[in-house]
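Q: Have a look at this one.
The values are calculated or read from the model by the stated rules, or taken from the named source; none is laboratory data. From a predicted model like this one, the values you see are computed outputs, not experimental measurements. Every residue, glycine among them, receives a Cβ derived from its backbone with ideal geometry; neighbour counts consider all protein chains shown. Each accessible area value is taken on the protein alone, full model and side chains, heavy atoms only, with ligands, DNA and RNA left out. Shrake-Rupley method; radii C 1.70, N 1.55, O 1.52, S 1.80 Å.
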Amino acid sequence: MKIVELIRLEETDQGTMGVLRIDKEVFCCTLEPPDRENEVSRSSIPAQQYLCKPVESPTHGGTFEVTNVPGRTHILFHAGNVVNHTEGCILLGQYFGKLKGDRRAVLNSGNTFKQFLNDVGRQPFKLTVYEVY
């Protein structure tokens, strides 16, 4: 089973930026909403360990769902660039950047997401979320 870790580095009221490691190697940048006390579709998920399972999303196609999030469902990994694209999910990008003046963006997200799916395969994995800010 792959070891996947999300390490949150910075949080403001505009979003939460971090890095994703796969098997202890940095893989990509992440973008999530800020912590809004686990509010559905508007908050990052609590920092703890989760099981992620492959799912077929009507919107995002084949991806992984973060399961057992208290009071929440449909927390997905997917492509997107800015916090408005998250709906409480985890966006993956090759690097941080600005998009239309928005400092909170991850870029080259589509290709990064495809590589993520390739690297983790279609097997469930454990995700551990850490906060270091």
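Q: Name the residues in the range 15-30 that are in contact (Cβ under 8 Å) with a residue 60 or more places away in the chain and either open to solvent by 50 Å² or more (accessible area, probe 1.4 Å) or out of contact with any Pro (no Cβ under 9 Å at 6 or more places or on another chain) (or both), would you?
A: Passing the criteria: Met17, Leu20, Ile22, Phe27, Cys28, Cys29, Thr30.
Q: Oh, and also: So Arg8 ticks every box in (1) open to solvent by 60 Å² or more (accessible area, probe 1.4 Å); (2) in a strand (DSSP E or B); (3) among the basic types (Lys, Arg) but one. Which box is left unticked?
A: So Arg8 meets the others, but not (1).
Q: Given the residues Glu131, Glu56, Glu87, which is the only one that is over 23 Å from Asn38 (Cα atoms), open to solvent by 70 Å² or more (accessible area, probe 1.4 Å), of a type in the set (Asp, Glu) and out of contact with any His (no Cβ under 7 Å at 6 or more places or on another chain)?
A: Among Glu131, Glu56, Glu87, only Glu56 is over 23 Å from Asn38 (Cα atoms), open to solvent by 70 Å² or more (accessible area, probe 1.4 Å), of a type in the set (Asp, Glu) and out of contact with any His (no Cβ under 7 Å at 6 or more places or on another chain).
Q: Condition (residue is among the polar types (S, T, N, Q) and within 13 Å of Leu6 (Cα to Cα)) applied to the range 76-87: is it met by at least one residue?
A: So far as the range 76-87 goes, no, none of its residues is among the polar types (S, T, N, Q) and within 13 Å of Leu6 (Cα to Cα).
Q: All but one of (1) of a type outside the set (S, T, N, Q); (2) open to solvent by less than 80 Å² (accessible area, probe 1.4 Å); (3) touching a residue at least 40 places away in the same chain (Cβ under 8 Å) hold for Ala79; state the number of the condition that does not hold.
A: Tallying (1) of a type outside the set (S, T, N, Q); (2) open to solvent by less than 80 Å² (accessible area, probe 1.4 Å); (3) touching a residue at least 40 places away in the same chain (Cβ under 8 Å), Ala79 fails exactly one: (3).
Q: Yes or no: Glu37 closer than 24 Å to Asp102 by Cα, without any contact (Cβ under 8 Å) to a residue 12 or more places away in the chain, part of a loop (DSSP other than H, G, I, E, B) and not β-branched (Val, Ile, Thr)?
A: Yes.
Q: OK, next. Read through the list (1) closer than 21 Å to Glu10 by Cβ; (2) hydrophobic (A, V, I, L, M, F, W, C); (3) under 11 Å from the mean Cα position of the chain (by Cα), then give the number of the only condition that Leu76 fails.
A: Result: Leu76 passes all but (1).
Q: So which of Leu91, Leu117 is among the aliphatic types (A, V, I, L, M) and out of contact with any helix residue (DSSP H, G or I) (no Cβ under 8 Å at 6 or more places or on another chain)?
A: Selected residue: Leu117, the only one of Leu91, Leu117 that is among the aliphatic types (A, V, I, L, M) and out of contact with any helix residue (DSSP H, G or I) (no Cβ under 8 Å at 6 or more places or on another chain).
Q: Is one or more of the residues making up the range 61-68 open to solvent by 30 Å² or more (accessible area, probe 1.4 Å) and at pLDDT 95 or above? Spell out the reasoning first.
A: First, pick out the residues of the range 61-68 that are open to solvent by 30 Å² or more (accessible area, probe 1.4 Å): 65, 68.
With the extra rule that they be at pLDDT 95 or above, the set shrinks to 65, 68.
Yes, because at least one residue in the range 61-68 is open to solvent by 30 Å² or more (accessible area, probe 1.4 Å) and at pLDDT 95 or above.
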